[in-house]
Each structure stands twice: as C-alpha cells, then as structure tokens.
Amino acid sequence: MAEDPAGGGRRRPVTRGDGAGDRARSGPAEREPDRLRRIRRGYDAWARAYDWFARATASVGGVRAACVDALDLSPGDTVVEFGCGPGVNLPALRDAVGPNGRVVGVDVSPRMLDRAAGLVERRGWENVSLVEADAERPPVAAADGVLATFVTSLFSDPYPVLRRWCELSDAVVVAAFVPEGNRAANAALRAFVALNGRLFDATTDDPLGRLAERTAAARRALDDGATVRERDRRLFGTIVVEAGRSG
Ligand SMILES: C[S@@+](CC[C@H](N)C(=O)[O-])C[C@H]1O[C@@H](n2cnc3c(N)ncnc32)[C@H](O)[C@@H]1O
C-alpha cells in the first residue's frame, strides 16, 4: 500500500489503486468466507439488472440525495463508497467533491465494478477509482467521508465494521432497510428479504427480525463511534439514513 497523493481533501486516502478509473484488487489472496463468495456470485449474476433497477429508482424517497447531503462534503475532499455496486451514487459524490477531490468505490463484485467502470469512462472522470475489495476489511486508511447504501444489512455483524469506518473517516453515512413502516410497507419488505434470503444470509423464520438486528447494530456503532448523530426515516419507514460525524 502506498500513500496516495491525489486526494486534495482534509484526510488522505491510502488505497491499493491510485489512478483514475483504476481497478485494483485488495490484499493477498486469503481464503474467503463462503458468505462473501455467495454475495459476489449473486451480485455478479444480477449486475446488469440491478444497474437498470437502481438507476430507474435512484430518486425514489430522496434517499440517495439525503445520504450525500448528510456527508457534508466539500470540494477537494476524499469520499469512499463501500459496496458501490454499479455506481449509482458516484455522480452525486463526484459533484460534491469536484474535480480536485477524490472518490473511491469499493465492491466485492467484479461485474458490478464493470458497470461502475463504464460510467466512470463515459463521464471521463479522472478522480474516481474503483477497488475490488471486502468492505469489512477496508482497503482505505483515511477519508473525509464514507458512504454505504443498502450494504450493511449484508454483513453478518455490522457493528465492528462501522466502528472501523468511524475510525477512518470524519463522516459515515449509511442507508439501510428497517421494518418500521406500516403493515403494507413491512409486508413488502418481508417479501423482498425472504426472496433474497440467501444473499442476506437470513434464511430464518424471521428474516425481517434479522434485518432489524443488523440495522440496529449499525446504529449502535454510529452512536458509539461518532459524536454528532442524525437519523432520517424515509420511504414509509422502510429505509433509514443514519449519519455520524466526528466533532
Ligand atoms: C444492494 S447492492 C447496493 C449497491 C449500491 N450501494 C446501491 O445503493 O445501489 C449491495 C452491493 O454491496 C456489495 N457488497 C456486499 N457485501 C460487500 C462487502 N463485504 N464488501 C464489498 N462489497 C460488498 C455487493 O457486491 C453489491 O454491489
């Protein structure tokens, strides 16, 4: 790993990929947990469809815009998106940090990263890097902001991961599903989680309970790791945006 001089923000990133649109792979090959392999296979298989779906629904509930606002980025900052998928948040993040800032997208699915790389290339962004890595073992040592939308529910225990993210960044924002809506909204969410039970590793009698536990763990990590906290429920109470900042 080498210090990356490209970032102009308050905190400097240390990544394994340091060029525009780079596709670095993180770390020495180690035996990967089955869960991560399953996630990679699942998202690789659905990358094209997910890309279409995520773009078509990008403005629903104002969730993505609220996340980027909550990061409170300034031009020249460095922001890392964990589980960036096909890159639906990248345009707003790139806008927020400007041409002199730095955006690093991290994902474990090469096919998702292919989609994101296509976007980076089409837009001609020179300050957006993509890294194939496990967000639970961040390949980045420091950033001004960290974002993860619809990713933390896929971790078996989000608490230690988010505590680590709080250590490496001034601001951490996550969007996650929560069963806090009305009956119809919760029923729709239950069906969605049950359908994707293998991906969420939540093939139990109570997939929604498992999801709620993980979202609560993420919240606790931000409560414990950040000094300023915001919580914003959206889309009939089925999605929560949790933001934590230091000082
Ligand atoms: C539901 S998609 C969300 C994508 C994007 N954040 C969005 O909001 O559209 C979840 C993404 O997280 C990635 N992912 C899941 N677990 C991961 C991990 N441990 N490390 C890196 N990426 C991960 C998946 O490959 C997938 O691209």
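The values are calculated or read from the model by the stated rules, or taken from the named source; none is laboratory data. Small disclaimer: the values here were computed from a predicted structure and weren't measured. We place every Cβ from the backbone using ideal geometry, glycine too, and count neighbours over all the protein chains shown.
When segment 153-184 is examined, which residues are found to be among the small types (Gly, Ala, Ser), within 16 Å of the ligand (Cβ to nearest atom) and touching a helix residue (DSSP H, G or I) at 6+ places or on another chain (Cβ under 6 Å)?
Across segment 153-184, the qualifying residues are SER153, ALA175, ALA176.
Collect the residues in segment 206-233 that are touching an Asp or Glu at 6+ places or on another chain (Cβ under 8 Å) and aliphatic (A, V, I, L, M), keeping them in residue-number order.
ALA217, ALA218, LEU222
Within the group ASP51, ASP72, ASP95, ASP77, which residue is buried (at least 20 other Cβ atoms within 10 Å of the Cβ), within 23 Å of ALA171 (Cα to Cα) and charged (D, E, K, R)?
ASP77
Could you run through segment 34-45 and say how many residues are within 12 Å of the ligand (Cβ to nearest atom) and at pLDDT below 90?
1
Can you give me the ranges of the helices (runs of 4 or more DSSP H) entirely in segment 87-169 with at least 3 residues that are under 16 Å from ILE39 (Cβ atoms)?
110-123
Checking ARG210 against (1) basic (Lys, Arg); (2) more than 17 Å from ARG35 (Cα to Cα); (3) without any contact (Cβ under 8 Å) to a residue 24 or more places away in the chain, which test does it fail?
(2)
May I ask you to verify whether ASN127 is of a type in the set (S, T, N, Q) and buried (at least 19 other Cβ atoms within 10 Å of the Cβ)?
Yes: the conditions hold for ASN127.
Check ALA212 against each of (1) within 20 Å of the chain's Cα centre (by Cα); (2) among the small types (Gly, Ala, Ser); (3) farther than 19 Å from PHE192 by Cα and name the one condition it does not meet.
(3)
Just the residues that are more than 10 Å from the ligand (Cβ to nearest atom) and surrounded by 23 or more Cβ atoms within 10 Å (Cβ to Cβ), please, taken from segment 140-152.
Result: VAL140, ALA143, ASP144, GLY145, VAL146.
Considering ARG220, ARG210, ARG190, ARG198, which residue is modelled with pLDDT under 90, among the charged types (D, E, K, R) and away from the ligand (no atom under 16 Å from the Cβ)?
Of the residues listed, the single one that is modelled with pLDDT under 90, among the charged types (D, E, K, R) and away from the ligand (no atom under 16 Å from the Cβ) is ARG190.
Residues of segment 66-86 being in a helix (DSSP H, G or I) and either within 11 Å of the ligand (Cβ to nearest atom) or in contact with a Cys (Cβ under 7 Å, 6 or more places away or on another chain) (or both), which ones?
CYS67 - this is the single residue of segment 66-86 that is in a helix (DSSP H, G or I) and either within 11 Å of the ligand (Cβ to nearest atom) or in contact with a Cys (Cβ under 7 Å, 6 or more places away or on another chain) (or both).
Check segment 99-117 and report whether any residue there is under 27 Å from ASP232 (Cα atoms), free of Cβ contacts under 8 Å to residues at least 40 places away in the same chain and more than 14 Å from the chain's Cα centre (by Cα).
There is no residue in segment 99-117 that is under 27 Å from ASP232 (Cα atoms), free of Cβ contacts under 8 Å to residues at least 40 places away in the same chain and more than 14 Å from the chain's Cα centre (by Cα).
Every residue in segment 46-65 that is within 12 Å of the ligand (Cβ to nearest atom) and in contact (Cβ under 8 Å) with a residue 12 or more places away in the chain, please.
The answer is ALA47, TYR50, ASP51, ALA54, ARG55, ALA58, VAL60, VAL63, ARG64.
Just to check your reading of the model, which residue among ARG31, ARG64 is modelled with pLDDT of 95 or more and on the phi < 0 side of the Ramachandran plot?
On inspection, the qualifying residue turns out to be ARG64.
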